[in-house]
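For reference, the structure is listed below as structure tokens.
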Amino acid sequence: MKNRPDITGETESESEDIGVRKFFGRFRTFASLKNPMYRLYYYSLVGHWAPMNMQMVTRGLLIYRLTDSGTILGLMALAGAVPMIILSLYGGAIADRVDKKKVLIYGQMASAVISVAVGLMLSFNLLSEDIPGSWWILIVTSFLQGMVMGLMMPSRAAFVPEIVSQEDLMNAISLTNMGMNLFRIIAPASTGFIIDAWGFAAAYYIMGALYVLASVFLVFIHTTHTIVKQAQSTLTEILEGLRYIRRESIILLILSFTLSCTILGMPFNMLLPLFTEDILKVGASGQGLVMAVSGIGAIVVSFILASMPNKKRGVMMLVSGIILSAALVAFSFNTVWGLALALAVFIGLGQTGQMAVGMTLIQFYVDPVYRGRAMSVQMLGFGMSSLGVLFGGVMAETLGIEWSVGGMAIVLGMVSIGMLSFSSRLRKLE
């Protein structure tokens with residue numbers, strides 16, 4: 001049945017959309033959700049956030065149970081890191097010259113294929129303790145997923161400014177982080193119970209279905225951005241982007257700090273099975289609960305950032321790094337389950353605070369022509385953080401997981417305090 005105009009001349013669907021905009025318009029926290037294209041994008045992200053957080057529990061725990069080796073867990077992280085490091089800059093150049101929506105759709109579908117493939121190998125017992133060395137399947141799929149992420153993530157990071165205004169940029173990024181961290185609560189805890197109840201294969205099938213759902217929502221997003229085909233080669237564009245970042249000292253400073261936080265602070269997420277299995281002894285459900293509780297802190301800081309005006313963002317970014325460092329050090333040397341959950345809240349707060357504000361500042365100050373390439377450098381940090389996982393895994397088998405994660409967190413604290421004390425340009429960023 002077709003929508004009929006009411007007495008105001010508006011169709012029912014138009015009236016509904018206006019009602020949604022009025023509802024969200026009353027609250028600064030949800031300002032970006034007035035935008036119908038951003039709402040569609042937000043729905044698509046559900047199909048990205050959920051499997052991404054499920055994978056953080058599933059893949060690491062599965063390979064650790066198959067091998068009982070922190071080094072091999074680190075090797076799997078390295079397999080995902082190498083293609084991300086190699087392809088992220090290329091992905092940034094792609095983001096600046098082609099339709100980002102298509103890149104995201106292809107990337108989500110590729111992730112779905114990888115997830116379902118692992119599920120089938122588990123179902124047919126091709127990946128199990130009964131077949132020694134079958135853990136190499138996870139290494140290969142980690143490499144493939146790293147390729148997808150390296151090519152896709154710069155486009156995802158640079159996509160938001162194409163559908164929201166500059167004024168709403170920090171609000172949109174904070175809302176995005178809020179939703180992502182809501183799924184840090186829901187997805188890991190649910191995944192732990194799914195694994196304990198139905199096994200790892202079920203978790204991988206669910207991840208595949210969610211990636212497909214994300215692609216469906218992306219199809220309906222329309223942007224007004226005009227794609228300009230560059231005449232020069234992709235390599236030339238990459239080098240030009242790197243020269244731009246080197247020239248723009250404020251962009252370079254922000255990227256340097258956010259990369260430090262990612263490389264030194266993010267390995268904790270992948271190395272968490274060593275804490276939950278060997279020190280806290282709480283199993284898959286416990287690991288999922290730690291990640292879920294850390295999402296509470298992340299949601300709190302995301303809500304605060306979404307509600308705040310565009311002031312003192314440089315200080316907020318640096319203080320978030322200090323909070324992350326202190327929480328990681330305390331968690332590393334703690335053996336009490338209840339205290340571990342409390343500290344996880346502050347880990348989530350610190351990780352999300354520095355990431356959301358750093359991403360906002362980069363996108364706010366960067367020349368739009370170079371936005372994709374600038375974001376690709378930040379995405380590069382996620383690949384390099386996997387090198388930190390490998391380093392941390394090797395250190396864990398020699399010095400212990402406490403000094404492995406705790407040592408990196410101490411270095412992060414020194415970097416954060418040093419920049420807060422001596423970099424007035426970062427402190428003064430609004």
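The values are calculated or read from the model by the stated rules, or taken from the named source; none is laboratory data. As the structure is a prediction and not an experimental result, all values here were calculated from the model. Positions of Cβ are generated from backbone atoms using ideal geometry, with glycine treated the same way; all protein chains shown enter the neighbour counts.
Is it true that GLN351 is polar (S, T, N, Q), at pLDDT below 80 and at negative phi?
No: the conditions fail for GLN351.
So, of the residues in the range 401-430 that are surrounded by fewer than 16 Cβ atoms within 10 Å (Cβ to Cβ) and not in a helix (DSSP H, G or I), which turns out to be modelled with the lowest pLDDT?
Restricting to residues being surrounded by fewer than 16 Cβ atoms within 10 Å (Cβ to Cβ) and not in a helix (DSSP H, G or I), the top hit is GLU430.
Check the range 334-353 and report whether any residue there is among the polar types (S, T, N, Q), part of a loop (DSSP other than H, G, I, E, B) and over 16 Å from the mean Cα position of the chain (by Cα).
Yes, there is a match, as at least one residue in the range 334-353 is among the polar types (S, T, N, Q), part of a loop (DSSP other than H, G, I, E, B) and over 16 Å from the mean Cα position of the chain (by Cα).
Would you mention how many residues in the range 108-140 are closer than 20 Å to ALA77 by Cβ and not aliphatic (A, V, I, L, M)?
The total comes to 6.
Contact list please: Cβ distance under 6 Å, first residue in the range 327-341 and in contact (Cβ under 8 Å) with a residue 12 or more places away in the chain, second residue of a type in the set (Asp, Glu) and surrounded by fewer than 20 Cβ atoms within 10 Å (Cβ to Cβ), pairs at least six apart or on different chains.
Close Cβ pairs (under 6 Å, with a partner that is of a type in the set (Asp, Glu) and surrounded by fewer than 20 Cβ atoms within 10 Å (Cβ to Cβ)) amount to SER332/GLU402; PHE333/GLU402.
Hey, among PRO154, PRO188, which residue is in contact (Cβ under 8 Å) with a residue 24 or more places away in the chain and either closer than 19 Å to ASN269 by Cβ or aromatic (Phe, Trp, Tyr) (or both)?
On inspection, the qualifying residue turns out to be PRO188.
Could you please find all residues in the range 361-377 being surrounded by fewer than 24 Cβ atoms within 10 Å (Cβ to Cβ) and touching a Leu at 6+ places or on another chain (Cβ under 9 Å)?
Scanning the range 361-377 gives ILE362, GLN363, PHE364, TYR365, VAL377.
Quick test for you: out of PRO161, PRO132, pick the one residue that is assigned to a loop (DSSP other than H, G, I, E, B) and farther than 23 Å from VAL212 by Cβ.
PRO132
Out of the range 242-283, which residues are part of a helix (DSSP H, G or I) and without any contact (Cβ under 8 Å) to a residue 40 or more places away in the chain?
Residues satisfying the conditions are ARG243, ARG246, ARG247, LEU252, SER256, THR276.
Could you tell me whether any residue of the range 92-103 is of a type in the set (Lys, Arg) and touching a Gly at 6+ places or on another chain (Cβ under 9 Å)?
yes
Need pairs with beta-carbon distance below 8 Å; first residue over 19 Å from ALA292 (Cα atoms) and in contact (Cβ under 8 Å) with a residue 12 or more places away in the chain and within the range 51-66, second surrounded by fewer than 23 Cβ atoms within 10 Å (Cβ to Cβ) and among the hydroxyl-bearing types (Ser, Thr, Tyr); sequence gap 6+ or separate chains.
Listed pairs, sorted by first residue: LEU66/SER128; LEU66/SER134.
Mind listing whichever residues of the range 375-400 are in a helix (DSSP H, G or I) and of a type in the set (A, V, I, L, M)?
Across the range 375-400, the qualifying residues are MET375, VAL377, MET379, LEU380, MET384, LEU387, VAL389, LEU390, VAL394, MET395, ALA396.
Going through VAL301, VAL315, VAL293, VAL336 one at a time, which residue ends up being out of contact with any helix residue (DSSP H, G or I) (no Cβ under 6 Å at 6 or more places or on another chain) and hydrophobic (A, V, I, L, M, F, W, C)?
Result: VAL336 is the single residue among VAL301, VAL315, VAL293, VAL336 that is out of contact with any helix residue (DSSP H, G or I) (no Cβ under 6 Å at 6 or more places or on another chain) and hydrophobic (A, V, I, L, M, F, W, C).
Quick one: what pairs do we get from the range 205-218, first residue more than 12 Å from MET52 (Cα to Cα), second aromatic (Phe, Trp, Tyr), C-beta under 6 Å, 6+ apart or different chains?
PHE217/TYR43
What pairs come up if the first residue lies in the range 71-83 and is within 24 Å of VAL377 (Cβ to Cβ), the second is surrounded by fewer than 21 Cβ atoms within 10 Å (Cβ to Cβ) and among the β-branched types (Val, Ile, Thr), and their beta carbons are under 7 Å apart, counting only those six or more places apart or on different chains?
If the second residue must be surrounded by fewer than 21 Cβ atoms within 10 Å (Cβ to Cβ) and among the β-branched types (Val, Ile, Thr), the pairs left are GLY74/VAL394; ALA79/ILE139.
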